Amino acid sequence: MIYYAIEVMAPLLLAGLGGLFAELAGVLNIALEGMMLAGAFAAIVSASLTGSIAAGMLGGLIAGTVLAYLFYFVGIRMRANIFIVGLAINLLAAGSIPFLSSAMYGTKGVLRLPRVPRMPGFFVGIETGFPLLDQIFLGHSFGVYLTVPAVLLAGLVLQRTPFGLRLRSTGKNPETLRAVGLNPDRYRRAALLISGMGAGLAGSLLALRLGVYLPNVSAGRGWIALVTIYLGYKRPFGVLIAALCFALAEGVSVAAQGVLQIPGTILLGLPYILTVLAMIAYSAMRRVAPSDD
Amino acid sequence: MLTQRVSHLAISLLCAALFVVPAVLFLGCAPVEEEEAGRPYSIAVFVPGVVEGSPTYEMLVEGVRRAVDESENAEVRVVEGGFNQAEWSGSITSLAATESYDLIVSSNPSLPEIANEVSQSFPDQRFLVLDGYWEGNPRMRTVMFNQREQAYLNGYFAGLVTTGGMPASREARRIGLLAGQEYPMMNQVIRPAFLEGAQVVDPEIELDFRVLGNWFDAGRAADLANSMLDRGVDVILSIAGGGNQGVIATARDRDAYVLWFDSSGFHHGPGIVIGSSLVKLDQAAYERTRAAINGSLEFGVGEVLGVADGYVTFDSEDPNYTEYVPETIRAQHEQLMQRLMDEPMEFDIPGAN
């Protein structure tokens, strides 16, 4: 169960970390879902054209980034309502992908293309003698091993670099930035592009793991990723813990269906019930000890 | 003062135009007695979802279109109702309200009830509903497929696979069923019939039943399939829409088998999808539509079609079936088909009126 929870966590964490950058820069990126969807589609198309997983992931990353730039251009440059722009991006992804899919491959449904390679696993067949450690660390797909450095890198950039400091200042007090001659919009743009990269990459992991693109493949994970930002106290390590908690709850609901005599439909609500409970707990804890964000 | 009166007059005229013009247009569109003789037989196909990507609805549309194409004086319009079930009743009411269609054809278990309600308000409107059941409405004909036999066919095949008939069969005699959602037909017919069929092969076979919670989350479907395989399942009947792709991905990674329901699924994963039970919805749609156009279709009837009628079958024609399934399994399954031809299974339709 823990093994699969780690696999479930990877895309949530990448999208959540990307969304964290936008959030800290003062832009709530509610378009993560659409960016993931675009990333998933582009990943399958790129992987099929090149026969390469790396190219597929790059395609997903680029697709997410393109939508993120659109978000920046309309929402920040043109000063449109951020919330409306985010919703529009989600609708644009959901509406335009079937159109593109139909135009390119003659189907709006399941897109199973030739030459899409299987996602490689790493450290497969190795055993440490400790099953728990094996499940956590060994035999996972490439995307899982990508997320660990991503958390460290995000923490490093946000906490230890001038860029991270300025980015966080953009969210807290953009006037300070202007006072020293810096343009906050440049940091908002950078933050949004990073969030697009994270969401696009997350989408590519979802699709490449399956080897197909299908409508609604993101299945609400972009929204869950958004929740992990808040549950994680807007810190990279916190996002990691929040994504892991959600993935474990999902893993429990999946595994429990096989052993408990409780209807599966009820068990499937478990991750969402836990998410709501966690949000309530988060809200209560913030009242007691507000974070520095 | 004059300006005010003029503006009042203009608003009144505008309001009148808004109400009168559509009414005139609507009346203009209504069937006129003189035109009746040469007017083509008009059919609307209401798709409760979207056509593309849904084998069932593709079969529905294909069957009706074929009947219309073969007729000299018939026309068809396909209306996609989308996935919001709450809107279907309104959409069908709108279609009936136009009074433009001699027949509204659709396919979904929930459609007979909706069509029955609509027909109370529009008594001249006739309906043909496939994959649903309703008896006694003189303006509706329904065609239901014997899903007990269909699930039984899959179950028997799964039983043959899990008892060691295939290279990747495992020791534990456990088969899997993944459902998109729980609904009466699934819980009361498909699930028990699937296990019943498997236990004909070996009464010790157990069923691992899982629910996806929707019809599209292939990622979660892959996790559910992984969890099933961890418990010794080696063959999974997947009835989960887009989620089926997740089951295939897992089966491909971990050497297991997948069974398909309603349409042929071999092309989704040659060597992985090893069995498909079929309903010939296209044939049923074609034949009933053709009869409706000719005026020979009897309404008020709810018919049930099964293996003996030739509308429920197992895809033994696909080359992948003969390539990947051993001769012994194919022969045993063929014998079961023959038995169902001679002795059809009783089918209690959940919630039948």
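The values are calculated or read from the model by the stated rules, or taken from the named source; none is laboratory data. Quick caveat: nothing in here was measured; it's all calculated off a predicted structure. So basically every Cβ, Gly included, is an ideal-geometry build from the backbone, and we count neighbours across all protein chains shown.
Can you pull out the residues in region B:221-231 that are among the small types (Gly, Ala, Ser) and either closer than 20 Å to B:ALA198 by Cβ or facing another protein chain (nearest Cβ under 7 Å) (or both)? Quick ask: steps written out before the conclusion?
Step one: filter region B:221-231 for residues among the small types (Gly, Ala, Ser), giving B:221-222, B:225, B:227.
Across region B:221-231, the qualifying residues are B:ALA222, B:ALA225, B:SER227.
Among the residues of region B:249-263, those that are within 21 Å of B:PRO326 (Cβ to Cβ) and either in contact (Cβ under 8 Å) with a residue 60 or more places away in the chain or surrounded by 24 or more Cβ atoms within 10 Å (Cβ to Cβ) (or both) comprise B:ALA251, B:ASP255, B:ALA256, B:TYR257, B:VAL258, B:LEU259, B:TRP260.
Farther than 18 Å from B:GLN147 by Cα, within 20 Å of the chain's Cα centre (by Cα) and at pLDDT 95 or above: does that describe B:TYR257?
Numbers: farther than 18 Å from B:GLN147 by Cα: yes; within 20 Å of the chain's Cα centre (by Cα): no; at pLDDT 95 or above: yes.
So B:TYR257 fails the test.
Output the number of the condition that B:ILE349 fails; it satisfies all remaining conditions of (1) modelled with pLDDT of 95 or more; (2) out of contact with any Asp or Glu (no Cβ under 8 Å at 6 or more places or on another chain). The number of the failed condition is (1). A count restricted to region A:137-171 and to residues that are surrounded by 15 or more Cβ atoms within 10 Å (Cβ to Cβ) and touching a residue at least 24 places away in the same chain (Cβ under 8 Å) stands at 17.
Within 15 Å of B:ILE274 (Cβ to Cβ), crowded, with 23+ Cβ neighbours inside 10 Å and away from chain A (no Cβ under 11 Å): is that true of B:ALA168 in this structure? So B:ALA168 does not fit the description; no.
Yes/no matrix, rows are residues, columns are (1) crowded, with 17+ Cβ neighbours inside 10 Å; (2) over 26 Å from the mean Cα position of the chain (by Cα):
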residue	(1), (2)
B:GLN120	no, no
B:VAL143	yes, no
B:TYR156	yes, no
B:LEU160	yes, yes
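The conditions of being more than 11 Å from every other protein chain (Cβ to nearest Cβ), in contact (Cβ under 8 Å) with a residue 24 or more places away in the chain and touching a Phe, Trp or Tyr at 6+ places or on another chain (Cβ under 9 Å) are not met by B:MET185.
Note on region B:200-224: residues that are in a strand (DSSP E or B), in contact with a Lys or Arg (Cβ under 6 Å, 6 or more places away or on another chain) and either under 14 Å from B:GLY243 (Cβ atoms) or among the polar types (S, T, N, Q) (or both) amount to 0. Checked against (1) within 14 Å of another protein chain (Cβ to nearest Cβ); (2) modelled with pLDDT of 95 or more, B:VAL307 passes all but condition (1).
Taken residue by residue, region B:101-113 has at least one member that is crowded, with 18+ Cβ neighbours inside 10 Å and aromatic (Phe, Trp, Tyr). Can you go through A:ARG112, A:ARG118 and tell me which one is surrounded by 18 or more Cβ atoms within 10 Å (Cβ to Cβ) and out of contact with any strand residue (DSSP E or B) (no Cβ under 6 Å at 6 or more places or on another chain)? None of the other options fit; the residue is A:ARG112.
Of all residues in region A:2-26, those that are touching a residue at least 12 places away in the same chain (Cβ under 8 Å) and more than 13 Å from A:VAL148 (Cα to Cα) have Cβ atoms under 9 Å from Cβ atoms of residues that are surrounded by fewer than 24 Cβ atoms within 10 Å (Cβ to Cβ) and of a type in the set (Phe, Trp, Tyr), 6 or more apart or on another chain, in A:GLU23/A:TYR230.
Number of residues in region B:286-328 that are assigned to a helix (DSSP H, G or I), buried (at least 18 other Cβ atoms within 10 Å of the Cβ) and in the same structural domain as B:THR163 (by TED's automatic domain parsing) equals 3. With a requirement of 3 or more residues that are farther than 29 Å from A:LEU267 by Cβ, the strands (runs of 3 or more DSSP E) lying completely within region B:82-185 that satisfy it span B:103-107, B:126-130, B:140-145. Regarding A:LEU231, is this residue closer than 27 Å to B:ARG252 by Cα, over 10 Å from the mean Cα position of the chain (by Cα) and either surrounded by 24 or more Cβ atoms within 10 Å (Cβ to Cβ) or modelled with pLDDT under 90 (or both)? No, not satisfied.
Restrict the check to region A:141-163 and report whether at least one residue is outside any helix (DSSP H, G or I) and closer than 27 Å to A:GLY39 by Cα. Looking for residues that are outside any helix (DSSP H, G or I) and closer than 27 Å to A:GLY39 by Cα, one finds at least one in region A:141-163, hence yes. For A:LEU138, the criteria (1) out of contact with any helix residue (DSSP H, G or I) (no Cβ under 6 Å at 6 or more places or on another chain); (2) closer than 29 Å to A:PHE73 by Cβ hold in every case but one, which is (2).
Going through B:GLY197, B:GLY180, B:GLY176 one at a time, which residue ends up being at pLDDT 95 or above and touching a strand residue (DSSP E or B) at 6+ places or on another chain (Cβ under 7 Å)? Before you say what the answer is, go through the steps one by one.
Working: B:GLY197 fails: touching a strand residue (DSSP E or B) at 6+ places or on another chain (Cβ under 7 Å); B:GLY180 fails: at pLDDT 95 or above.
On inspection, the qualifying residue turns out to be B:GLY176.
So, A:LEU58, is that one exposed (fewer than 15 other Cβ atoms within 10 Å of the Cβ) and more than 14 Å from chain B (Cβ to nearest Cβ) or not? Spelling it out, it is not the case that A:LEU58 is exposed (fewer than 15 other Cβ atoms within 10 Å of the Cβ) and more than 14 Å from chain B (Cβ to nearest Cβ). For B:ASP230, the conditions (1) at pLDDT below 95; (2) out of contact with any Gly (no Cβ under 9 Å at 6 or more places or on another chain); (3) under 22 Å from B:ILE205 (Cβ atoms) are fulfilled apart from (2). Only one of these is under 30 Å from A:PHE83 (Cα atoms), touching a Lys or Arg at 6+ places or on another chain (Cβ under 9 Å), more than 14 Å from chain B (Cβ to nearest Cβ) and at pLDDT 95 or above: A:ALA25, A:ALA15, A:ALA31. Name it. On inspection, the qualifying residue turns out to be A:ALA25. The residue that is surrounded by the most Cβ atoms within 10 Å (Cβ to Cβ), among those in region A:256-268 that are more than 19 Å from A:ARG221 (Cβ to Cβ) and facing another protein chain (nearest Cβ under 7 Å), is A:GLN257.
For region B:308-325, name all the residues that are farther than 30 Å from B:ARG139 by Cβ and in contact with a helix residue (DSSP H, G or I) (Cβ under 6 Å, 6 or more places away or on another chain).
Applying the first criterion (farther than 30 Å from B:ARG139 by Cβ) to region B:308-325 yields B:313-325.
Matches in region B:308-325: B:PHE314, B:ASP318, B:ASN320.
Taken over region B:232-273, residues that are within 17 Å of B:ARG174 (Cα to Cα) and away from chain A (no Cβ under 14 Å) amount to 6.
All of A:VAL45, A:VAL8, A:VAL27 fail the test of being over 17 Å from the mean Cα position of the chain (by Cα) and not aromatic (Phe, Trp, Tyr), apart from A:VAL45. The residues of region A:221-241 that are out of contact with any helix residue (DSSP H, G or I) (no Cβ under 7 Å at 6 or more places or on another chain) and either within 12 Å of chain B (Cβ to nearest Cβ) or of a type in the set (A, V, I, L, M) (or both) amount to a single one, A:ILE241.
Out of (1) away from chain A (no Cβ under 14 Å); (2) at pLDDT 95 or above; (3) in contact with a helix residue (DSSP H, G or I) (Cβ under 8 Å, 6 or more places away or on another chain), what's the single condition that is false for B:GLU204? Only one criterion in (1) away from chain A (no Cβ under 14 Å); (2) at pLDDT 95 or above; (3) in contact with a helix residue (DSSP H, G or I) (Cβ under 8 Å, 6 or more places away or on another chain) is unmet by B:GLU204, namely (3).
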